Amino acid sequence: MAKVALLGMPNTGKSTFFNRLTGASARVGNWPGITVDLLSAKIPLGAHLLELIDLPGIFDFPGDSEDEKVVWEFLKTTPVDAIVVVLNSSQIDRQLHLLLQLKRLNCPMLVLLNMSDESQRYGIYIDNQKISDALDGAPVLSISAKHGDSYPEIRAEFAKVLDHAKAEKGDYDSTQAAENISINSDDAAVLQHQTEQLLENAVEYPIELPKNLTHKLDQVLMNPFLGLPLFFATMYLLFQTVFELGAPLQDAVAWVLDGIRGYVLEPALSFLPAMLQGLLLDGVYDGIATVASFVPIIVLFFLLMTIVEDSGYLSRAAFLMDALMLRLGLDGRSFVMLLMGFGCNVPALMGTRVMRTRGLRFLSMMIIPFSLCAARLQIFLFFIAALFLPEHAGLVLFSLYVASFFAAFLTAFLFKGRYPSKEPLVLELPPYRLPTVHQILLRAWLEVSHFLVRASRFIIIGVVLIWILTNFPAGVPAGSSETWAGQISAWLAPIFNPIGIEGNLIISLFFGFVAKEVVLGAMAVIYNSEGTGLSQMVASQLDWVQAYSFMLFTLLYTPCVSTIATIHAEAKHAGFTLLNLIWPLSFAWFISFVFYQSARALGY
Ligand SMILES: Nc1nc2c(ncn2[C@@H]2O[C@H](COP(=O)(O)OP(=O)(O)OP(=O)(O)O)[C@@H](O)[C@H]2O)c(=O)[nH]1
Ligand SMILES: [Mg+2]
């Protein structure tokens, strides 16, 4: 099998190419640093079986960000048969030096000048033959990974490179060669000279780049006064749209699932003993149905987030927020990670690998778990629908987003002395790009399947456990204070009662620590109902002050197990992991306490 690595600078379209060539579904985004780990796929190509490996983007070798270390380690330890180098042809002036550096690997290589659609539009002319000559004849192809239809030619050319690699196999050792490309300062000057010469020879730029759409849009969207308000207005609109469109869809799904229970499952399972019926229907089915009814909202949320992210608007947000974030010891990228955390905290945490300074990276990792991820969103939507008037719903949700930002910023402010950093932000603003429908759907599907896998992994175990806790020991009334769940909550009551969380709701918080996706499923079991029945039940047991306090606590307290595990894996520092357990927990309790007690004192 031929092993081939995909190399190039960040945001040049490596993963887009990887996906289209192999049919895989690597995450793609208009933001440098989307790929943070190795991803490989095997496909037949010509007479070969090819294993193609998608890697994070790199600026140079060996580099000092976590991303670059991943690539460097990979090259040093994995013998590859060939490499594919992907360049953004519309910025070729800044990318040739990496290409020349990679030439030193002395490894068969295929060069793809990607984004030819953009470079053509800008009127940039590149003489591929001259670049190929400078690389001792390595094939150089102009492609558009995203829109192009030249994949058959690319495959043919790629197969030739592999033929060649096979013929030469044994002549070189790529892991040894990796050592050669880390350059010293003498080399750097030589490389610089070579790059300049090649640029002069092979590339023609128009006298003046045409003022394109990106430029015009940025005059408004990046305006120092209008920029931020417009950005927040866009985000508000996005969440509002998710809510407006999602709520009726959610009701429809809940209605269908309710029907299935009443008309299909109950009659079909009636022959079982009552205990088992209870476990299957009130436990497993209600738990799953409650979570499943949120799928339409999650899908909508990710469809819209993908558009915002892939259009390039998120990079602008980083830029606009940079000044404010600097005061908090962070930079614009931390803000973007925070926004990415709205989907799921885990990939956002991994995205901090683009940061080079340890302090900056740690501080960013500390604030990301406060972003209101899709799983928490689901809990809030449920409580808001159950306890607030529809005309207040948008505002209540918005206030939770504000609380999420507030918690993140306050955390940064409090801990910035502990994790100092001085890393200037050099952020390249990519042009605005319209994602293709295929890209949007693929991305949304990726995220939704991730949500479902997590939910289904934890939920069955979670709901069965909670069903046992609320139904045993045998002989006591289900859900009463004599059950195991009742005993545990009585024991914890002194901690949770002052923040308005009572009874078995305390138990559901434990499950929220495992995965926030399970909280609603757990509540369905606790209250022994689902869908609208569950909302009515909750509304009769809690008032809005308690519900809001519960939501605040859920938003801020210790993130789920996967998040903590990711923090630990990324930081490799037990003390830091512990801090990320203790700080959110105490902070959440404190905020809920202040809210709950003041609301009660004010007579609500
Ligand atoms: N116009 C245009 N855009 C492209 C093309 N190929 C990729 N893109 C876009 O470029 C952006 C970056 O694509 P990715 O495939 O994530 O880039 P990457 O090199 O894997 O980036 P990192 O993983 O961050 O290193 C996305 O918005 C793509 O849709 C192309 O041929 N033309
Ligand atoms: Mg990538």
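Computed from the coordinates by the stated procedures, all read-outs in this text should not be read as laboratory data. Treat the numbers as computed from the prediction; the structure is a model and nothing was measured. All Cβ positions, glycine included, derive from the backbone under ideal geometry; neighbour counts span all protein chains shown.
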Between helix 66-77 and the chain: long-axis angle, C-alpha atoms, 0 to 90°, nearest 10: 60 degrees
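With Cβ to Cβ distances under 12 Å as the rule, what net charge do the other residues near D310 carry (K, R +1; D, E -1)? List each step's numbers first, then the result.
On the way: positive: R27, K146, R433, R443; negative: E309.
That works out to +3.
Which entries in K103/K160; K130/K160; K14/K516; K416/K516; K69/K166 show an alpha-carbon gap greater than 23 Å? Each step should come with its number before you reach the end.
Numbers: K103/K160 18 Å; K130/K160 20 Å; K14/K516 33 Å; K416/K516 28 Å; K69/K166 28 Å.
In this structure, K14/K516; K416/K516; K69/K166 lie more than 23 Å apart at Cα.
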task: Please work out how much length the chain gains when fully extended from Q197 to Q536, using 0.36 nm per residue of separation minus the C-alpha to C-alpha distance, in nm with one decimal.
output: 114.7 nm
Spin-label zone in the range 399-417 - amide nitrogen under 19 Å from a point set 7 Å from the Cα of R327 along the C-beta vector: 402-417
- line: Honestly the range 2-204 on the Cα gyration tensor test (a ≥ b ≥ c root eigenvalues; a/c under 1.5 rounded, otherwise a/b vs b/c for prolate or oblate) is just rounded
query: Hey, what angle do you get for helix 544-556 against the long axis of the chain, alpha-carbon based, 0 to 90 degrees rounded to 10?
result: 30 degrees
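Give the calculated FRET efficiency between L249 and A189 to the nearest 0.05, with a Förster radius of 60 Å applied to their Cβ-Cβ distance. Write out the running numbers ahead of the final one.
Numbers: r = 61 Å, r/R0 = 1.02.
With a Förster radius of 60 Å, E is 0.45.
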statement: Simple SL model, points at 7 angstrom along Cα→Cβ for S399 and T357; separation in nm is 3.7 nm
field: Burial ranking of peptide ranges 230-241, 300-311 (average Cβ count within 10 Å, highest at the top)
entry: 300-311, 230-241
task: Report, in degrees rounded to the nearest 10, the 0 to 90 angle that the Cα long axis of helix 484-496 makes with the longest principal axis of the chain.
output: 80 degrees
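Using packing as a proxy for protection, rank 212-225, 130-143 so that the peptide with the highest average count of other Cβ atoms within 10 Å comes first. Mind dumping the intermediate values first?
Numbers: 212-225: 12.9, 130-143: 17.7.
Per-residue Cβ counts within 10 Å, averaged per peptide and sorted highest first, yield 130-143, 212-225.
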The range 545-576-the range 496-534 distance, computed between alpha-carbon centres (Å): 17 Å
task: Take the alpha carbon atoms of the range 242-305, find their center, do the same for the range 471-487, and report the distance between the two centers in whole angstrom.
output: 26 Å
- line: If unit charges are put on Cβ atoms (+1 for Lys and Arg, -1 for Asp and Glu) and the dipole of the range 2-204 is taken about its Cα centre, the option from N114, G46, F61 lying farthest towards the positive end turns out to be G46
query: In nm, to one decimal, how far is the I461 label point from the L441 one, both placed 7 Å along Cα→Cβ?
result: 3.5 nm
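With n ≥ 4 as the cut-off for DSSP H runs, can you work out [θ] at 222 nm for the chain, using -39500 (n - 2.57) per run divided by the number of residues, rounded to the nearest 500? Spell out each step's value before the answer.
Working: 28 runs with 372 residues, N = 604.
My calculation for the chain gives -19500 deg cm²/dmol from helical runs alone.
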Positive-pole candidate from H97, L492, L269, dipole of the chain, charges at beta carbon: L492
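Which of rounded, prolate or oblate describes the range 535-604 when judged by the alpha-carbon gyration tensor and an a/c cut-off of 1.5?
oblate
Hey, can you rank 502-511, 247-256 by average C-beta count inside 10 Å, highest first? Let's see the in-between values first.
Numbers: 502-511: 21.2, 247-256: 15.8.
Ranked by mean Cβ neighbours within 10 Å, highest first: 502-511, 247-256.
Please state the charge dipole magnitude for the chain, taken about the Cα centre, from unit charges on C-beta atoms (+1 on K and R, -1 on D and E), reported in debye and rounded to the nearest 20. Intermediate results must be reported in sequence, preceding the final value.
Details: 38 positive and 51 negative charges, 192 e Å.
Here the chain has a charge dipole of around 920 debye.
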- prompt: Taking K572 as the anchor, which aspartates and glutamates have their alpha carbon closer than 17 Å to its alpha carbon, excluding any fewer than eight residues away along the same chain?
  reply: D37, E66, D67
task: For every other residue with a beta carbon closer than 11 angstrom to the beta carbon of Q378, add +1 if it is Lys or Arg and -1 if Asp or Glu, then tell me the sum.
output: +1
- line: The local net charge around P559, scoring Lys/Arg +1 and Asp/Glu -1 for residues other than P559 whose Cβ lies under 11 Å from its Cβ, equals +2
query: Going by how many other beta carbons lie within 10 Å of each one, how would you line up E157, E244, E447, fewest first?
result: E244, E157, E447
